[in-house]
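One structure below.
The values are calculated or read from the model by the stated rules, or taken from the named source; none is laboratory data. For clarity, every value in this text was computed on a predicted model and none was experimentally measured. Using ideal geometry, Cβ is built from the backbone for each residue, glycine included, and neighbour counts are taken over all protein chains shown. Only protein heavy atoms, including side chains, enter the accessible area calculation; ligands, DNA and RNA are left aside. Shrake-Rupley method; radii C 1.70, N 1.55, O 1.52, S 1.80 Å.
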4 protein chains.
Amino acid sequence: MEKVGFIGLGIMGKAMALHLLKAGYSLSVLEKNKAAQELVEAGAQAFATNKEIAEQSDVLITMLPDSPEVEEVVLGEEGAMAGLRAGSLFIDMSTVAPATARKLDELLREKGIEALDAPVSGGQVGAEAATLSIMVGGSESAFERARPLLEVMGKNIVHIGPAGAGQTTKACNQMIVGMTIQAVAEAFALARKSGVDLAKMREALLGGFAQSRILDLHGQRIIDQNFKPGFKVKLHRKDMNIALQTGRELSVPLYGSAQVAAQMDALLAQGKGELDHSALALLMQQLSN
Amino acid sequence: MEKVGFIGLGIMGKAMALHLLKAGYSLSVLEKNKAAQELVEAGAQAFATNKEIAEQSDVLITMLPDSPEVEEVVLGEEGAMAGLRAGSLFIDMSTVAPATARKLDELLREKGIEALDAPVSGGQVGAEAATLSIMVGGSESAFERARPLLEVMGKNIVHIGPAGAGQTTKACNQMIVGMTIQAVAEAFALARKSGVDLAKMREALLGGFAQSRILDLHGQRIIDQNFKPGFKVKLHRKDMNIALQTGRELSVPLYGSAQVAAQMDALLAQGKGELDHSALALLMQQLSN
Amino acid sequence: MEKVGFIGLGIMGKAMALHLLKAGYSLSVLEKNKAAQELVEAGAQAFATNKEIAEQSDVLITMLPDSPEVEEVVLGEEGAMAGLRAGSLFIDMSTVAPATARKLDELLREKGIEALDAPVSGGQVGAEAATLSIMVGGSESAFERARPLLEVMGKNIVHIGPAGAGQTTKACNQMIVGMTIQAVAEAFALARKSGVDLAKMREALLGGFAQSRILDLHGQRIIDQNFKPGFKVKLHRKDMNIALQTGRELSVPLYGSAQVAAQMDALLAQGKGELDHSALALLMQQLSN
Amino acid sequence: MEKVGFIGLGIMGKAMALHLLKAGYSLSVLEKNKAAQELVEAGAQAFATNKEIAEQSDVLITMLPDSPEVEEVVLGEEGAMAGLRAGSLFIDMSTVAPATARKLDELLREKGIEALDAPVSGGQVGAEAATLSIMVGGSESAFERARPLLEVMGKNIVHIGPAGAGQTTKACNQMIVGMTIQAVAEAFALARKSGVDLAKMREALLGGFAQSRILDLHGQRIIDQNFKPGFKVKLHRKDMNIALQTGRELSVPLYGSAQVAAQMDALLAQGKGELDHSALALLMQQLSN
């Protein structure tokens, strides 16, 4: 069984690391991390630096907030790249720019290290239930090597294409989710002001072409006015920025995505960044009442 | 069994009328209509004017292109209202403005006639298979009276609320469908230019929060570059206008819906109004290539 | 000197009519109008119906809120068309849809009556100071005949083209004005939150390519937080609808205009429709604070 | 007279540097620059590194394409910061992010060096005619010290506020210019398809509230279909990104600016990035024909 290093023990990362331990993998984590104690008690070993973790690992997994953190962990002083051996495998499960994924792949490949970008969808719930969707970019061989580990953490695991393809797919996922929430938010705002029963409308619409998981789940949230996260506006806004910057680099005009990002900025300005992204509907209610 | 009049024998209307005949209803239609002959052969009776049809009917159903046509058929010279008796039931299954539905309801109610707005979703396929979703506005009693007939034509039949609520729900449906197509179109344009395999991406996204019937069906259309209608851009643009005008009347800012309507205008300007509404993806491809 | 009928004595219409009286024209107005007494004291004659006014007039001028009012005055019962003689001239100075202007031109032409669409820009101030800009559509001969009258009411009088061209130009004017206000509103919101002195910024920007009459006048309004009308949001929203419907008829995608219209809807929803249209900046402040 | 270093001898930088030489300033430039020979012939001295130029200079001016170039020149190896003495003055006349300006100000201040952000508006024509508008951020004392030099290069020179305020103002300028062009582009597209004479419309609109320098100059360009730069789409897109990223950092929703940026992406995708930014009108024509 491959020895695994796991860097990034936030709410999701911790749950994912625990699944790996439970599946029998030997796991290295960072001492200074808050969750390290809990993982050590579950059987992990703790080390002082990212480089040391890398030295212990056949496979190194990162689950971090954004591109700069990933670059710092891998390329920074006492960073993971300095510790990884030729033949080892690096899997970044963070959501970062496709350009970052391709850059890391190139740098690691030069040292004989394989890399995968493997961002996830499904949130805290999916991480805890090991039902994450995982979108993977990188070589076929690296994907096959990673598959047993990924299957411990997720359920719907798809190899999309070469380096960066996983992150591009995640960016597309976030664009679609954001715009679909905005679509539902506008429709519900119109219906509300028309005096239409939202619950009956949701039921009717779920039976036709307007059906979506967002209409189902977030539609119910809007009816309940339940905006506890779930997935926070401020994190979704970060992901929209990845999409928009990728669109800019490739000259793809993202009209609707840009508009949704502006709506999220309006929520953030009102101190609502910690709410669930379904709060786009809250903004639409405010703007129409 | 109630005697039924059916006005509006277009592709969908004809299929719906045939289902009623097959279910044993006696049916009156308009002589001058192209499809009348076919319906007469199937057992319908043909009359010269809308008023005469109305005189023969306990329940009068209309399935017409837009508000002006419905108003003309009901309120015009030799129109249906002149023929309907107190106690009869009028069901407009066309997609028109909620304001039109409420206006007709009010006028008919004054004559002791009950009215329902009962627009449908599901297109030609749904009409032919009798699997239409039907969103109904009007009184509870009128809905119960209409239910047996509606069940002959559709499957997912929901009584949403009072007069106009059916049309409002349909407008919301069209907004959500339009914006979801645009969401998928932007994502696929970005993925295409990134060199990502669209089929694999669609598969991966269907497993997560981006799932929708549009991503499933229209996503496949985009992959196949199959823009044969289905539901035409020009008809969807008409429906978006209903939504936008309703938003204007109620002061509900419909940012995303307005943007999608502009994209549809760009398609119409290029002579692509007869294509399926998934052609929003075609526009996004053009704008990014 | 031609005998003039003037229908529509609102704030602007009254001022315009008084200029005509002062210039020596004999003037007919509608008895039931609130401002009629004032005009009669200034020398006008009052009549009971639009038709009677038309019968008295060589030139009939209308200055009304919207298309339906103009159609009612001209085509309604006891309407102006019934009173106008062949050889007379009809000038509609209201802001209405280009399609309405063309329809009236056609109907009047059949009776040997010439028509001009001659909407104005400049507001109450311009009407009172007789400095209105007037954009004229119709035949060259009708324009030359109208010119002496128009010069009594305005200053910058341009014959744009055939019937409807005046209204199209006015619609374009309102689109540009609306979007320029939104541009200034976004820039000032960003500057404000950056801690930049708005007065100094305005001064600097007026010296370069960002210069506009809107940056000058409305920019100062924003600095002063002075949103007293001026030109009301709700009237500008009506004009944006004319532009958007014209765009729809012609399949011209009006991305930015549609977005500005949505912002105006948000203002209207908050009960701010009576404020000056520079209140788009107020909305941007709210959305960013 | 202060000794000046000038780094960034592009089309605009060269013209600005020549004005300084002509005004009698002693000037240091970079040897490897293409334009260096011409400046040396006009009296400048050439050096091998940015650090050496800085060592020779009381005032160091940069005029570079973007933030990364400015950071590299100042903070990179053999960079300017290593050569600047306490008491010297750094003036960045490039268009960069306000955040970059504040960061450089902070770093330089720690070494006793004063800094100004002083981006310009007016393009090649303004640089050559010494009529640039200059928007300045930084301390009052630094501004007074820089004023004589700035007056050699420009005409409308405004001290807006502290470090970053010049760049924020420039970002606002670019937002307003971009959105005003889009406004004119939409109006002209609608007018063109309506069959309205664009020259007459422009004339009429310049007399009212729609007046702007953009309607005047770019409006004429659209009429002439003259899209030779001027200011290139691709450079304006870069500046829109500065605005949008600043909006994101401050949570200011920039609806219209984001939309214009998307339109520019569509132009870039079609290989039209080298055209004048008035080519937004070309896109609107394409989308409506």
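Over all projection directions, the Cα-based convex hull of the stretch C:1-68 averages an area of 4.2 nm². Of all DSSP beta bridges confined to the protein assembly as shown, the antiparallel ones make up roughly 15%. Computed from Cα atoms, the angle from the helix D:255-269 axis to the main principal axis of chain D rounds to 90 degrees. The charge dipole of the stretch D:168-287, taken about its Cα centre with unit charges on the Cβ of Lys, Arg, Asp and Glu (plus for the first two, minus for the last two), comes to roughly 160 debye. Phi-derived couplings, Karplus 6.51 cos²θ - 1.76 cosθ + 1.60 at θ = phi - 60°, listed residue by residue for the stretch D:128-140: 6, 8, 6, 10, 4, 7, 10, 9, 10, x, x, 6, 4 Hz, with x used for Gly and Pro.
Working from label points 7 Å from Cα in the Cα-to-Cβ sense, the A:Ala48 to B:Ala48 distance is 10.4 nm. Across the options B:Tyr25, B:Asn289, B:Val260, the greatest Cα extent toward the positive end of the charge dipole of chain B (unit charges at beta carbon of Lys, Arg, Asp, Glu) belongs to B:Asn289.
For the options A:Ser121, A:Ser257, A:Ser141, a Gaussian network treatment of chain A with springs between C-alpha atoms closer than 10 Å singles out A:Ser141 as fluctuating the most. For A:Glu31 and B:Ala199, a Förster radius of 60 Å and the Cβ-Cβ distance give a FRET efficiency of 0.85, rounded to the nearest 0.05.
Per-residue surface analysis assigns B:Arg145 an accessible area of about 60 Å², computed on protein heavy atoms at 1.4 Å probe radius. Binning the C-alpha pair distances of chain D at 10 Å intervals from 0 yields a P(r) profile of 7, 27, 31, 21, 11, 3, 0 %, listed from the shortest bin outward. Each other copy places its own label point for C:Leu107 at 1.9, 7.1, 7.3 nm from this one, sorted shortest first, where the point lies 7 Å along the Cα-to-beta carbon line.
Shown is the FRET efficiency for D:Glu69 and D:Leu217, computed with R0 = 25 Å from the Cβ-Cβ distance and rounded to the nearest 0.05: 0.30. Each Lys and Arg adds +1 at its Cβ and each Asp and Glu adds -1 at its Cβ; summed about the Cα centre, chain B shows a dipole of about 860 debye. Per residue, the accessible area of chain D comes to 34 Å², computed with a 1.4 Å probe over protein heavy atoms only.
Take every DSSP beta bridge whose two residues both sit in the stretch D:4-161; close to 10 percent of them are antiparallel.
DSSP beta bridges fully contained in chain B are about 15 percent antiparallel.
Copy-to-copy label distances for C:Ala48, where each label lies 7 Å from Cα along Cα-to-Cβ, are 4.2, 10.4, 10.5 nm in order of increasing length.
Computed from Cα atoms, the angle from the helix A:165-194 axis to the main principal axis of chain A rounds to 20 degrees. Distances between copies of D:Glu31, taken at a point 7 Å out from Cα along the Cα→Cβ vector and listed shortest first: 5.1, 9.8, 10.1 nm.
Computed over the protein assembly as shown, the per-residue total of -39500 (n - 2.57) for DSSP H runs of n ≥ 4 gives a 222 nm mean residue ellipticity of -17500 deg cm²/dmol, rounded to 500.
With label points built 7 Å along Cα→Cβ from the Cα atoms of C:Ile11 and B:Arg85, find their separation and express it in nm. In this crude label model, C:Ile11 to B:Arg85 measures out at 5.8 nm.
Karplus-based coupling profile of the stretch A:2-10, in residue order and whole Hz: 5, 8, 10, x, 10, 10, x, 9, x, with θ = phi - 60° in 6.51 cos²θ - 1.76 cosθ + 1.60 and x standing for Gly or Pro. The listed residues D:Arg237, B:Arg109 rank as B:Arg109, D:Arg237 when sorted by accessible area, largest first, using a 1.4 Å probe.
Given a Förster radius of 41 Å and the C-beta distance between C:Gln56 and B:Arg109 as r, what FRET efficiency does 1/(1 + (r/R0)^6) yield to the nearest 0.05? It comes out at approximately 0.40. Charges were assigned to the Cβ only: +1 to each Lys and Arg, -1 to each Asp and Glu. The resulting dipole of the stretch D:135-230 about its Cα centre is roughly 200 debye. The residue among B:Ser194, B:Ser212, B:Ile223 whose Cα reaches farthest toward the positive pole of the charge dipole of the stretch B:168-287, with charges on the beta-carbon of Lys, Arg, Asp and Glu, is B:Ile223. Normalising the average separation of contacting C-alpha pairs (under 8 angstrom, six or more residues apart) by the number of residues puts the relative contact order of chain D at 14 percent. For the rotation carrying D onto A, the chain D residue whose Cβ lies nearest the axis, with the distance in whole Å, reads D:Ala258, 2.
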